[in-house]
1. Measuring from label point to label point, each 7 Å out along Cα→Cβ, what is the residue 60 to residue 31 span in nm?
2. Please sort by residue number the GluC sites (Glu not before Pro) in segment 32-70 whose DSSP state is loop and whose Cβ has at most 11 other Cβ atoms within 10 Å.
Amino acid sequence: MAKSKTNRELNYHLPPSSPYPICGKAVIHRLVAVAEYGFDAVAENHVHHKNHIPWDNRPSNLELMSQEEQ
């Protein structure tokens, strides 16, 4: 099994492969948010880390924000 990669620029953990393209990868916090809130809720929103720690992807640390709220 391939190891997860870390995007050094963003400090987001990336899975080895994903059907959701973001430079060919999906960031884990968006996948966790889809599991928690559903795809439609996440699709048009920003997924924000409440504690500003980008590798803390616990569902309780993630919240959805509209483009205007960013």
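1. Once both label points are built, they end up 2.3 nm from each other.
2. Taking segment 32-70 and a limit of 11 other Cβ atoms within 10 Å, the loop GluC sites (Glu not before Pro) found are 44, 68, 69.
Throughout, read-outs are computed from the coordinates displayed, never taken from laboratory work. The model shown is predicted, which means the values in this text are computed figures rather than measured ones. Don't worry about glycine lacking a Cβ; one is built from the backbone with ideal geometry, like all the others, and counts go over all protein chains shown.
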